[in-house]
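Working notes, beginning with the structure itself.
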Amino acid sequence: MGIVILLLMLAGVGLMLARVLPTAFALVLLGVAIAVAAGAPLTGENSILDTVLQEGAPALAATMLAVLIGSWLGKLMEETGIAGTLVRKIVEFGGDRPTVVALGVLAVSALVGTVTGSAPAAMMAGIIGIPAMIAVGVPKTTAAGTILMGIAAGMPFELPVWQFFSTALELPVDTVKGFMLKLFPFAAFFAVLFVLVESRRKGVEHAWSLASAAERDKGGSPRERRRARARRMGDAPWYALLAPVVPLVLALGLDLPIIPSMLGGVLWALLTTTRPGHLNKRLLRTLYGGFEIAAPPIVLFVAIGVLLAAVKLPGAVEALNPLVEAVAPGNPVVFVLVFTLLVPLCLYRGPLNVYGLGAGIAGVLIAAGIYPAVAVLGLTASYNQVFGVSDPTSTQTVWAAQYSGVGPQQVMLRTLPYVWCVALGGLIVTAATQL
């Protein structure tokens, strides 16, 4: 029976890779098929309808709410000009120095990445940041990679990601936070290394000017020109720029729960940028916009909940336990070597992608007692760093590449060595502390 379940998983991967079915639909069908293969009854305890579908679908509800609030905050930062102002200030500071501009955009991308991930984060940082980098001579592929590496550097502090791992792996948020703090130095170091190395790989490639000659020749003092540009571009006030930091201060500094911390960021962004008479309209408009952004990941989390419920059924655990136990490395050194070599399997929606079949495999490893849940956290979080940057099928990678004028595969080839090293660092920490 275990072999049948593994074959079903392979079939699910095939459906996703061939794009026969969207990932969410494939995962739900896979969850139901695994439950049937495990001998689960139609109704009752540990059943298809009651356990897998009814209980599994809302199992990650806290994660869905965190994603929605993060999308809401991201929409507020976009509409109020907070994100754009952050990028413009960095570009102004960098001037005509390509590496300084790229490092600044990297920092802003990381800050935005703590609020929300995927394509919205890439757009907020990249709509201004990518043209600015290319204008001062950063190669196009490097410009796209800088946005993605920055978002990944902020990912260890992305509160919805904490909530996802906490709920999916049944771990306290503090445990997830503890590992993410250990993962962050690797993500930050290799993101900076990417910029320093790749911005010099092909030399300077000027594409277009940041400001036209007419703009440079305008009269008035520098202070007057800055004020005029701020009015024209819609710069947010300086204190509003703290909006992405507020949730981190509340969650890390004051130890508040994730959802209240994120709501604090929403309130800060709103109150520091919006007149009292416009609060109601902006609240509703950005909330509805947040729903549009959050809808795809929420659907995916519903499907992941179904899959996790299926692989945790007693019949599935009993069938898979001997097979997984036979192939899972127990020695810490072998653990690091094997799972480092398997890193590419999280790309192209592969079997180790935590936002796909990888969530089911993580559930099997925990339910079968192969590894402690914290070790599975280290494994999946390390792989998530790779998927978030280099997967040519992920929305943020596709958007950043296309907006820069290059192909997603080009971005993958440039960024993969760096995020592979990030994953290696996370796996070493996991093996050293949990095995």
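Rg and Dmax of the stretch 287-435, both derived from C-alpha coordinates alone, stand at 16.6, 50 Å.
Hey, how many Å between the Cα centroid of the stretch 1-71 and the Cα centroid of the stretch 109-133? Answer, in whole Å: 32. Computed from label points 7 Å out along Cα-Cβ, the spacing between LYS89 and GLN402 is 3.2 nm.
At 222 nm, what value in deg cm²/dmol follows for the chain if DSSP H runs of at least 4 each add -39500 (n - 2.57) and the sum is divided by all its residues, to the nearest 500? Each step should come with its number before you reach the end.
Numbers: 19 runs with 304 residues, N = 435.
After summing the helix terms and dividing by the residues of the chain, the value is -23000 deg cm²/dmol.
For the chain, the solvent-accessible area with a 1.4 angstrom probe is 42 square angstrom per residue. Modelled label positions at ASP255 and VAL4, each set 7 Å beyond Cα in the direction of Cβ, lie 5.0 nm from each other. Using the Cβ-Cβ distance between VAL299 and ASN331 with R0 = 35 Å, the FRET efficiency computed as 1/(1 + (r/R0)^6) comes to roughly 0.35.
Considering only protein heavy atoms and a probe of 1.4 Å, how much of the accessible area of the chain is carbon and sulfur, as a whole percent? Ligands and nucleic acids excluded, carbon and sulfur reach 68 percent. Percent of C-alpha pairs per 5 Å bin in the stretch 6-133, short distances first: 2, 10, 14, 12, 11, 10, 9, 9, 8, 6, 4, 2, 1, 0.
Pairs of Lys residues in the chain are counted when their Cα atoms are under 23 angstrom apart and they lie 8 or more places apart or on different chains; the count is 5.
Given the options LEU308, LEU68, LEU342, state which has the largest fluctuation in a GNM of the chain using a 10 Å cut-off (strictly under) for Cα springs. In the Gaussian network model the winner is LEU342. Take each peptide in 275-282, 151-158, count the other Cβ atoms within 10 Å of every residue, and average; sorted highest first, the result is 151-158, 275-282.
Just to verify a number: FRET efficiency for LEU413 and LEU287, C-beta to C-beta distance, R0 = 51 Å, to 0.05? All intermediate terms of the calculation are to be shown ahead of the outcome.
Values: r = 39 Å, r/R0 = 0.77.
FRET efficiency, LEU413 to LEU287: 0.85.
The candidate values are (1) 72, 51, 47; (2) 78, 51, 41; (3) 94, 71, 43; the one derived from this structure for Cα extents along the principal axes in Å carries the label (2).
Under the simplified labelling scheme, the THR340-LEU181 pair shows an inter-label distance of 2.6 nm, with each label point 7 Å from Cα along Cα→Cβ. Legend: calculated FRET efficiency, ASN321 to ARG19, from the Cβ-Cβ distance at R0 = 30 Å, rounded to 0.05, equals 0.40. Which values of log₁₀ I(q)/I(0), to two decimal places, follow from the Debye formula for the stretch 92-160 at q = 0.21 Å⁻¹ with a uniform point scatterer at every Cα? For the requested q values the scattering log ratios are -0.73.
The values are calculated or read from the model by the stated rules, or taken from the named source; none is laboratory data. The model shown is predicted, which means the values in this text are computed figures rather than measured ones. In this analysis, Cβ positions are derived from the backbone assuming ideal geometry, glycine residues included, and neighbour counts consider all displayed protein chains. The accessibility values were calculated without ligands, DNA or RNA, using every heavy atom of the protein model including side chains. Shrake-Rupley method; radii C 1.70, N 1.55, O 1.52, S 1.80 Å.
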